[in-house]
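Worksheet for the structure shown next.
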Amino acid sequence: MTAMINDTGEANNRIATAATLLRHARRVAVLTGAGVSAESGVPTFRGSDGLWEGHRIDEVATPMAFRDDPRLVWRFYNLRRANLRTVQPNPGHFALAELEQRFAGEHFTLVTQNVDSLHRRAGSQRVLELHGNLSRTRCMQCHAIEDRGLDELGELPHCPHCNGLLRPDIVWFHEALPAATWEEAALMTSLCDVFLVVGTSAVVYPAAGLIVAAKRSGAKVIEINLAETDASYHADVRLTGPSGALLPGLLKAIG
Ligand code: BJW
Ligand code: ZN
């Protein structure tokens, strides 16, 4: 019983410390990963539910996999697009959108590895999508990019303009991140005084490199995750638990 009270006391202390850092911050950057959408019902990539039909993410999310078996890769993405029709932003997404309102213009930047649009749907304004977006397609032939929403695309969609094969407009392993988005994320990371890392295993680069970059530029790093990650070593404050509960709690503690 005593241990439980102490644990709760310690957790509250950490939230208070994180809240103080955010209250005094002039500039904040946030990096989110799949964990922030887990409570909405969007599966994460790694861990027990991280497999898809026996394939690892690095077996389907590569340009080589798409070249070899575009039908298989589209099946993966069509299932994920179908899942997105059923999900809603959770209190964690909404808390981040509300946190942004407390900062002027570009003093708050949300950098996400997620491709599910849930941050925007929750009202976040300055969102930098490092790994693209599931609602967009890109033509392999004429390179036209189109927002197709979450419409049914068929098992092997082709371009309405040139009939070339379409691919999801997302960033696969071995592909470069969108240059302007990446540069903006790196700049905002170097300028922030608090860097909040939420729901990412921090194993995929270059996104995970932002955490060390923030630290090197003098920012305080706050991590919110269910578990210890590769980011934990760099964190000044670690809040352990679901982001859908911790982020609203943090917002409340900021006051
Ligand atoms: C909760 C929670 C709750 C759960 N509350 N928390 C060797 C060393 C270093 C680098 C490399 C290397 N070999 C290859 C590379 C490079 C490679 C890389 O990083 N690989 C590593 C895996 C080793 N990177 C690339 O290839 C990148 N490109 C590149 O480097 O280009 C070079 C280049 C330059 C110039 C020209 C050409 C090329 C591209 C990376 C693209 C990643 N894409 C993916 C898939 C596409 C999008 C999609 O299909 O959706 O993006 S991979 C996948 O991982 C996806 C995610 O955005 C990304 C990160 O995953 P994330 O978000 O961290 O999710 P999980 O599942 O890993 O973690 C979830 C976390 O949430 C866990 O910690 C849970 O505990 C937690 N959690 N519930 C709070 N309720
Ligand atoms: Zn085309």
Kindly indicate which of T229, T200, T181 is assigned by TED's automatic domain parsing to the domain that holds S37, touching a residue at least 40 places away in the same chain (Cβ under 8 Å) and assigned to a loop (DSSP other than H, G, I, E, B).
T200
Taking the stated definitions as given, is A104 at pLDDT 95 or above and in the same structural domain as A207 (by TED's automatic domain parsing)?
no
Could you please find all residues in segment 141-174 being touching a Phe, Trp or Tyr at 6+ places or on another chain (Cβ under 9 Å) and not in a strand (DSSP E or B)?
L153, G154, E155, L156, P157, W172
In segment 97-124, the residues that are out of contact with any helix residue (DSSP H, G or I) (no Cβ under 6 Å at 6 or more places or on another chain), away from ligand 1 (no atom under 16 Å from the Cβ) and in a loop (DSSP other than H, G, I, E, B):
R102, F103, A104
Exclusive hit being farther than 30 Å from F195 by Cβ, touching a residue at least 60 places away in the same chain (Cβ under 8 Å) and of a type in the set (D, E), set E146, E155
E155
Across (1) without any contact (Cβ under 8 Å) to a residue 60 or more places away in the chain; (2) in contact with a helix residue (DSSP H, G or I) (Cβ under 7 Å, 6 or more places away or on another chain), S243 clears everything bar (1)
Please verify whether A207 is exposed (fewer than 15 other Cβ atoms within 10 Å of the Cβ), of a type outside the set (S, T, N, Q) and within 15 Å of ligand 1 (Cβ to nearest atom), treating the condition exactly as stated.
no
For segment 187-202, which positions are within 15 Å of the chain's Cα centre (by Cα) and of a type in the set (G, A, S)?
G199, S201, A202
For W172, the lone unmet condition from (1) within 14 Å of ligand 2 (Cβ to nearest atom); (2) surrounded by 12 or more Cβ atoms within 10 Å (Cβ to Cβ) is (1)
Residue list for segment 149-169, filter: buried (at least 18 other Cβ atoms within 10 Å of the Cβ) and either away from ligand 2 (no atom under 13 Å from the Cβ) or at positive phi (or both):
P168
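The values are calculated or read from the model by the stated rules, or taken from the named source; none is laboratory data. In this text the structure is predicted, and so the values were computed from the model without any measurement. Glycine gets a Cβ as well: all are built from the backbone with ideal geometry, and neighbour counts include every protein chain shown.
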